[in-house]
1. Only residues that are open to solvent by 20 Å² or more (accessible area, probe 1.4 Å) and either in contact with a helix residue (DSSP H, G or I) (Cβ under 8 Å, 6 or more places away or on another chain) or among the small types (Gly, Ala, Ser) (or both): list them for segment 193-220, please.
2. Filtering segment 327-339 down to residues that are of a type outside the set (D, E, K, R) and in contact with a helix residue (DSSP H, G or I) (Cβ under 9 Å, 6 or more places away or on another chain), which residue is most open to solvent (accessible area, probe 1.4 Å)?
3. Over 19 Å from the mean Cα position of the chain (by Cα), surrounded by fewer than 21 Cβ atoms within 10 Å (Cβ to Cβ) and modelled with pLDDT under 95, is that true of Thr20?
4. Give me the strands (runs of 3 or more DSSP E) completely within segment 221-326, filtered to those with at least 1 residues that are open to solvent by less than 40 Å² (accessible area, probe 1.4 Å) and in contact with an Asp or Glu (Cβ under 6 Å, 6 or more places away or on another chain), ordered by residue number.
5. Go through (1) within 16 Å of ligand 2 (Cβ to nearest atom); (2) under 27 Å from Arg316 (Cα atoms); (3) open to solvent by less than 10 Å² (accessible area, probe 1.4 Å) and name the single condition Asp131 misses.
6. In segment 27-38, what residues are open to solvent by 10 Å² or more (accessible area, probe 1.4 Å) and either within 16 Å of ligand 1 (Cβ to nearest atom) or assigned to a loop (DSSP other than H, G, I, E, B) (or both)?
7. I'm trying to understand the selection: among the residues of segment 295-306, which are within 22 Å of Ser160 (Cβ to Cβ) and in contact with a Ser or Thr (Cβ under 9 Å, 6 or more places away or on another chain)?
8. Counting just the residues of segment 88-146 that are closer than 27 Å to Tyr185 by Cα and among the charged types (D, E, K, R), which one comes out farthest from ligand 1 (Cβ to nearest atom)?
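The values are calculated or read from the model by the stated rules, or taken from the named source; none is laboratory data. The model shown is predicted, which means the values in this text are computed figures rather than measured ones. Glycine gets a Cβ as well: all are built from the backbone with ideal geometry, and neighbour counts include every protein chain shown. Heads up: the accessible areas ignore ligands, DNA and RNA and are worked out on the full protein's heavy atoms, side chains in. Shrake-Rupley method; radii C 1.70, N 1.55, O 1.52, S 1.80 Å.
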Amino acid sequence: MTTDTLNPTPLNPRAWLYPTPRGLYCEPGDFYVDPAVAVARAVVTHGHGDHARPGHRSALATPETLAIMRNRFQDMPDTSQQPLPYGGSVKVGEVEVSLVPAGHILGSAQVVLEYRGQRIVVSGDYKRRPDPTCPPFEPVPCDVFITEATFALPVFHHPSDAGEIGKLLRSLATFPERTHLVGVYALGKCQRVIKLLRAAGYDGRIWLHGSFASLCKLYQDHGVDLGDIALVSDAVLETFKGAIVLCPPSAMADRWSRRFFDPIPAMASGWMSIRARARQRGAELPLIISDHADWSELTQTLKDVGAPKVWVTHGREEALVHHARSIGIEAEALHLAGREEEEGEA
Ligand SMILES: [Zn+2]
Ligand SMILES: [Zn+2]
């Protein structure tokens, strides 16, 4: 007779996966998922700074995420890197670990953990709408689903990407002499905005702030065709009249942006749906383009994964916890260390 039949109490998921000051810890695997500090063994959902940290002794992630981490952390010579492609799985300690697309940025994954017949999915950051730079989110049925809550209020409804890009192209047609300066986050948003412009038929040169060069090259090396792109710093005599220029939000207000002719400041972020935030950022042309799920995508995802338990983290936990409970899901907020949104990442 096994201990399981002697003890019919079902396994409490919080007994084997729980928050600690260093991050979400999986005890029978002895690893952390997206730890807030350097640890001995980390599983990393994606390359954004609030999830991927430098200095781990070993890191397991998709090959794309590891490439992004090497790009950001000087090649990580002291980290033993364990690439696990989408769909693959590996045993870590007593836990089966697999990675499934999260649809957030290149390489982004949900971490699927299986232990003693129980399955927990740590979704990291995700969205549900198509993104030409990464494979779409795949719902995985599970016992516990850990979800982000960046835009977890019913007021958050992200409009269609094509419509937002259309606003930018219409402005360009209306003001063909002016530079359109678009603030974007370097990892993910930049490359997605370029692809959305291409999908809308814009095949002109797209100019980039120098700090975007290496991540754009990394995307191109992973098969994401960005078309004709060039660095602003290489173009000494260019006037940039009527050009689209992408830069970090922080560069829009500094000296760097003074070289442009009568620029129209735009910004692509999920936060642009909040007028005060757009004004505060000086975005005359706010573009609501987000790499996170909006309210309807979040609530749809809870239905799709069908988990009886949901742990909510990373944003506005209360509203989503309340909603989940109202549809019969056992839900609670999970307070994780080190989950402040990076500037413009949304
Ligand atoms: Zn992210
Ligand atoms: Zn995040």
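1. Taking segment 193-220 as the starting set, the residues that turn out to be open to solvent by 20 Å² or more (accessible area, probe 1.4 Å) are 195-196, 198-205, 209-211, 213-214, 217, 220.
Selection gives Leu196, Ala199, Ala200, Gly201, Tyr202, Gly204, His209, Gly210, Ser211, Ala213, Ser214.
2. First pass over segment 327-339, keeping only residues of a type outside the set (D, E, K, R): 327-329, 331, 333-338.
If we keep only those that are in contact with a helix residue (DSSP H, G or I) (Cβ under 9 Å, 6 or more places away or on another chain) too, we end up with 327, 329, 331, 333-335.
Working: Ile327: 82, Ile329: 21, Ala331: 9, Ala333: 29, Leu334: 1, His335: 131 Å².
If we take residues in segment 327-339 being of a type outside the set (D, E, K, R) and in contact with a helix residue (DSSP H, G or I) (Cβ under 9 Å, 6 or more places away or on another chain), then His335 is most open to solvent (accessible area, probe 1.4 Å).
3. Details: over 19 Å from the mean Cα position of the chain (by Cα): yes; surrounded by fewer than 21 Cβ atoms within 10 Å (Cβ to Cβ): yes; modelled with pLDDT under 95: no.
For Thr20, the condition - over 19 Å from the mean Cα position of the chain (by Cα), surrounded by fewer than 21 Cβ atoms within 10 Å (Cβ to Cβ) and modelled with pLDDT under 95 - is not met.
4. On the way: elements: 229-231, 244-247, 264-268, 285-287, 309-315.
Counting at least 1 such residues, we get 264-268, 285-287, 309-315.
5. (3)
6. Within segment 27-38, the first condition is being open to solvent by 10 Å² or more (accessible area, probe 1.4 Å), and the residues that meet it are 27-28, 30, 32, 36-38.
Answer for segment 27-38, where residues must be open to solvent by 10 Å² or more (accessible area, probe 1.4 Å) and either within 16 Å of ligand 1 (Cβ to nearest atom) or assigned to a loop (DSSP other than H, G, I, E, B) (or both): Glu27, Pro28, Asp30, Ala36, Val37, Ala38.
7. Initially, segment 295-306 is screened for residues within 22 Å of Ser160 (Cβ to Cβ), giving 295-301, 303-304.
Selection gives Leu298, Thr301.
8. At the first step, the residues of segment 88-146 found to be closer than 27 Å to Tyr185 by Cα are 99-111, 121-139, 146.
Checking the rest, the ones that are also among the charged types (D, E, K, R) come to 125, 127-129, 131, 138.
Working: Asp125: 4, Lys127: 10, Arg128: 15, Arg129: 15, Asp131: 12, Glu138: 17 Å.
Once the filter is applied, the top-ranked residue is Glu138.
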